[in-house]
Amino acid sequence: MKKHLIVGIFAVGLVYSCATNPITGKKNFNIVSNTELFPTSFQQYGTFLKENKVITGTAEAKKVETVGLRIKAAAEKYLTYLGQNQYLQDYRWEYKLIDNKEVNAWCMPGGKIVVYSGILPITKNDAGLATVMGHEVSHALANHGAQRMSAAQLQQLGAVGVAVATGGKSEENQQIWQQAYGVTTQYGAMLPFSRGHETEADKIGLTLMAIAGYNPDESITFWQRMAAQSSGQAPPEFLSTHPSDATRIANLKALIPEAKALAAKVGIIYK
Ligand SMILES: [Zn+2]
């Protein structure tokens, strides 16, 4: 009797593990579903915003909001094109600029985006910002953060998601979360995205920025500015086992024609 129960639970687990990510077309080994993960995400995002200085009402904050809204619209259009618009139904998009001189940006599950003011001199214009935000949103859409957590960590966080309703949270969970999503400021504590994840986020990001009406060619000049300023020291989210700047730029150049062609098929929203 007990044995059957265990088998039953395991079978439910298998349903999750066979879920295909609609944007990458890959089978994700996800132990927790979005409905379990999102409450934790929204709670962690809220905590982060409380503990950091959010910039509001400035031209730069508005720019983050405007570009974010356009990337959101592009993601919705792209997933609708793929016949998967329900994938975003539980997303609660937010785009916040925080006062922090670090060169960083990230997106937590469910569309919770933060841009650090320190990256703005490098993004320089809307297309540069769209390069960064498109890339970060792509990590979220492809579930990369969850994939770099261990199964045990994911299960723990899934349980936290349920506990959030009752206000449960712990230091340990916050740490796991911040490492998985690139929030932490300590380089040593970062869990880098794999090279494959970086390339995937670059590729999807180019398509999103193109659908959103930004010229993907501008991503090249953004990365050239990034390479020039970092000179050997990559910023946190990009501090990964990622290819060198020169390789990344060459990869982007090769991906741009495909992104433009796909965006033309999906439909370019803002012209
Ligand atoms: Zn990345």
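The values are calculated or read from the model by the stated rules, or taken from the named source; none is laboratory data. This structure is a prediction, so every number in the text was calculated from the model and none was measured. So basically every Cβ, Gly included, is an ideal-geometry build from the backbone, and we count neighbours across all protein chains shown.
Just one of (1) at pLDDT below 95; (2) touching a helix residue (DSSP H, G or I) at 6+ places or on another chain (Cβ under 9 Å); (3) among the basic types (Lys, Arg) fails for LYS63. It is (1). Scanning the range 227-240 for residues that are on the phi < 0 side of the Ramachandran plot and at pLDDT 95 or above turns up nothing. A single member of VAL160, VAL132 is modelled with pLDDT of 90 or more, buried (at least 22 other Cβ atoms within 10 Å of the Cβ) and closer than 27 Å to ASN21 by Cβ, and it is VAL132. When we screen LEU97, LEU82, LEU69 for residues that are of a type outside the set (D, E, K, R) and touching an Asp or Glu at 6+ places or on another chain (Cβ under 7 Å), the only hit is LEU97. Of the residues making up the range 39-55, those that are touching a helix residue (DSSP H, G or I) at 6+ places or on another chain (Cβ under 7 Å) and over 11 Å from VAL183 (Cβ atoms) number 4. Quick check on the range 41-50. Is at least one of its residues assigned to a helix (DSSP H, G or I), in contact with a Gly (Cβ under 7 Å, 6 or more places away or on another chain) and either of a type outside the set (Lys, Arg) or more than 24 Å from LEU120 (Cα to Cα) (or both)? Yes, the range 41-50 contains at least one residue that is assigned to a helix (DSSP H, G or I), in contact with a Gly (Cβ under 7 Å, 6 or more places away or on another chain) and either of a type outside the set (Lys, Arg) or more than 24 Å from LEU120 (Cα to Cα) (or both).
Being more than 12 Å from GLY134 (Cα to Cα), in a strand (DSSP E or B) and among the aliphatic types (A, V, I, L, M): is that true of LEU97 here? The answer is yes for LEU97.
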